[in-house]
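We did not get these values from a lab; they are worked out from the coordinates using the rules stated. Because the structure is a prediction, the values reported are computed rather than measured. We place every Cβ from the backbone using ideal geometry, glycine too, and count neighbours over all the protein chains shown.
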Amino acid sequence: MDLSALLKGIEENARRSGNPLGLKGVIGRWAKGLDLPGKGRYVIYSGGLYDLARYIKLSSRLLGVAESLKVGKAALRAGRLGSSLLKAAARGRGLEAAARGVVRALQKCGVDLAYAGDSYCGVLYYDLGLDELFEEQAKATARMLASSGASVVVALDPHTAYALRELYPKFIEWSMEVKHYVELLYELGYSPGVKAGGSVVLHDACYMARFLKLVEEPRWLLESLGYEVLEPECSRELTGCCGGPIEAVLPGLSREVAAERAVELALSDSVVVECPICWSALSEQAGKLKLKVAELGELLEAGA
Amino acid sequence: MKFSEVSSLLAKASRDRVLRTGLARSIKSYMGKRRFAEEASELASRVREAKEEAIPRLKELAKQAADSIEDNGGVAYIARTAEEARRIAGELVGSGKLVVKAKSMTTEEVELREHLERLGNEVWETDLGEFIIQLLGSKPMHFTSPAIHVTREEVAELFRRKLNAKVGDSIPELAKAAREFLREKFLRADVGVTGANAIAADSGMIFTLENEANVRLASALPEKHIVVAGVEKVYRTSIEAWMAVEVTMRYAGYKSTSYVNVVASPSKTGDIEKTVVYGAHGPRELHVILVDNGRYKASEDPVLKEALYCLRCGACQYMCPVFKITGGYWGGKVYVGGIGVIWTAITGSIEEAMLHSYACLLCGRCIEACPLKIDQPKMIRELRRRRLSSLKAR
């Protein structure tokens, strides 16, 4: 892989369309038709990953193929996704419904939820050391969220929650309280309309368990939804990474990490993940072991 | 150096099924011993406090340790660079000598064995894992299990080929062959070289952990004993040094190692007329080379200084998802894993470290694994950031 071309590509994409994949008009699609008010005490913010998930899944697959064929720059062009590929990705399964499931669950608890628009939160820029880009993105996101008049941001995925809670205050003026939606559902004692049955293996997301310290809450939520939670080898604070974070830079190695983790998760044919990156990275490898990977929000959608 | 070199190295490692098998077996075994670490977590937080006190005072403590060693009858040196450490050790050994060496990452870092061999000495690694690495001409793949990636069948083939040993594939037979070969080297050796897990500034006591008794033999039988250790191994007191030793063994997967060696001075006796003479049954000379090689600079770096807290127990390597696939191919020329990337930045090539940094998942399991809760992801990200800002500045 041509590292500098990749980083340059990400920077260009970010400047052109506000996200690392360079997609226009994608982020915020999940919220279409929800009809949430623009103002409220809580503002919901996806950080981009639920809309991007279907594209991330496809582009990391393409980058993987390109890496194995040893074509660096060509891979990048592929990573930018041509229009036919965009159409292909749009047809597949994505996570927009998962995000909507979270909104329904929060509304069921009576949360005064506003929506002020959406954006990519910038966390990948930070992870790659592109600090200026991260700061610009943080400023833009903060301005957008402030327009809601909310005092609390409700984040949907652990990377976004971590970025807003721990990183934004280091880069910009930031005074909003940040909650991951699972935390909020736990505090409000969410109870679903429909109870499911059966057992699922929970794959703790690294940022969920280790950086946000949300370990019991997702277990409680799954049990509330009627599932028996199975613990894989290496769970909770010692959970194993899905490989997703290096899917662009080292796609082959990323897939090997995912494959190793998928084996640990094969205790039941249903795996639940708490993050779109885990969903994207594990779906393919877990699929090879005939495991179905569901994102937590999807179960909320079903349970609402 | 190019990123494509790093990515093909890692790709090659991930395709190596024998490597994967060796790693999987060792990691599984370690996970079964993780309770020894958990039992020592409170002590580990006290060692963290000791490190937080010691690292900002590193220069002063290294000087104090050197003075204590000299008060005890040893000779101490502070080597500013790897080259200087090699030169000092080379002058102490000379040429045409037989040298037995214990395992030490710092001697790997300063490429001591290669240097002593170039001077015309016969040098043997005596830790079984390291001995295998020497015969293979490879790199140690883990802090405490250097040959973590080699199967018994490969070791047997290696011993038959290199030592003309008549051995089958059984592990006891292989251990016996190494023992027989090295026993004679210990007895004839002119110089023993060891590392250190901890050094006490107040008493000059040097602690080394091991299981095989090779450190014991290498530090007791030859006339001359040379210790090579990083300056960050210095603690304020003997008690703190002991705490670090106990935490190191626990997090390395042992309730107790077979041996903890403590050396404070050359061997001596005062049994005739209360007159002290050096070189009773053990070494007549003790030389301690404390190696800086980037550590002092790192101790003043607001982000990278935390890497100097590393006890080299290897817990983070056992628990890293990338290490599980690439083994020691990831990290840089000498050091291994995510912590290896950071140590490569401190003691070796910053450019190499920066390129290796991109293989880190930033998943943070190393923080959970680490007795001192060292935040490797924070430092890895910082290396990426510095790389980009230096590229922009060009």
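Scanning chain B for GluC sites (Glu not before Pro) in DSSP loops with at most 13 neighbouring Cβ atoms within 10 Å leaves B:1-272 as the longest stretch between them.
Relative contact order of region B:57-296: what whole-number percent is it, with Cα pairs under 8 angstrom and at least 6 residues apart? All intermediate terms of the calculation are to be shown ahead of the outcome.
Numbers: 485 pairs, mean separation 64.8, N = 240.
Worked out over region B:57-296, it gives 27 percent.
Report the relative contact order of region A:194-303, percent, no decimals, based on alpha-carbon pairs under 8 angstrom and at least 6 residues apart. Relative CO of region A:194-303 lands at 30 percent.
The alpha-carbon of A:K87 sits under 21 angstrom from the alpha-carbons of these lysines, leaving out residues fewer than 8 places away in its chain: A:K24, A:K32, A:K57. When the helices of chain B are scored as -39500 (n - 2.57) per DSSP H run of n ≥ 4 and the total is divided over every residue, the value at 222 nm lands at -15000 deg cm²/dmol.
What are the equivalent ellipsoid semi-axes of region A:194-303, built from the alpha-carbon gyration tensor (square roots of five times its eigenvalues), in whole angstrom, biggest first? Each step should come with its number before you reach the end.
Values: eigenvalues 97, 44, 29 Å².
Ellipsoid half-lengths, sorted descending, are 22, 15, 12 Å.
Among the DSSP beta bridges whose two residues both lie in the protein assembly as shown, what percent are antiparallel, rounded to the nearest 5?
15
Under conditions of 25 °C and 0.890 mPa s, the protein assembly as shown yields 90 µm² s⁻¹ as its translational diffusion coefficient, taking Rh as the Kirkwood radius over Cα pairs in the Stokes-Einstein equation. With Rh defined as the Kirkwood radius, the inverse of the mean 1/r over Cα pairs, the Rg/Rh of region A:3-186 is 0.99. Its Cα gyration tensor gives region B:154-240 an equivalent ellipsoid, and the semi-axes of that ellipsoid, as √(5λ) in whole Å with the largest first, are 33, 15, 10.
What is the average number of partner chain Cβ atoms found within 10 Å of a Cβ in A:239-247?
Working: counts 4, 7, 8, 3, 5, 2, 5, 8, 0.
That average works out to 5.
To the nearest whole percent, what portion of all C-alpha pairs in region B:217-312 is separated by more than 19 angstrom? Tail of P(r) above 19 Å: 58 percent of Cα pairs.
Which entries in the list B:K63/B:K139; A:K213/B:K373; B:K2/B:K333; B:K233/B:K373; A:K170/B:K378; B:K103/B:K176 go over 21 Å, if you measure between the two C-alpha atoms of each?
Numbers: B:K63/B:K139 32 Å; A:K213/B:K373 15 Å; B:K2/B:K333 14 Å; B:K233/B:K373 17 Å; A:K170/B:K378 14 Å; B:K103/B:K176 19 Å.
Listed pairs above 21 Å: B:K63/B:K139.
For chain B, taking a cut-off of 4.7 Å between Cβ atoms, the unpaired cysteines are B:C310, B:C313, B:C320, B:C360, B:C370.
Placing +1 on the Cβ of every Lys and Arg and -1 on the Cβ of every Asp and Glu, with nothing else charged, gives region B:123-277 a dipole about its Cα centre of roughly 180 debye. Annotation note: GluC sites (Glu not before Pro) in region A:151-184 located in DSSP loop regions with a Cβ neighbour count of at most 10 within 10 Å are A:E173. Which percent of the Cα-Cα distances in chain B go past 30 Å? Summing the P(r) of chain B above 30 Å gives 38 percent of all pairs. Evaluating kT/(6 pi eta Rh) at 10 °C and 1.306 mPa s, with the Kirkwood radius of region B:48-201 over Cα pairs in the Stokes-Einstein relation, gives 91 µm² s⁻¹.
State, to one decimal in nm, how far the label point of A:V65 lies from the label point of A:E12, with both points 7 Å from Cα in the Cβ direction. Placing both labels 7 Å beyond Cα along the Cβ direction yields 2.1 nm.
Label-to-label distance for A:E132 and B:E117 is 4.8 nm, based on points extended 7 Å past Cα in the beta-carbon direction.
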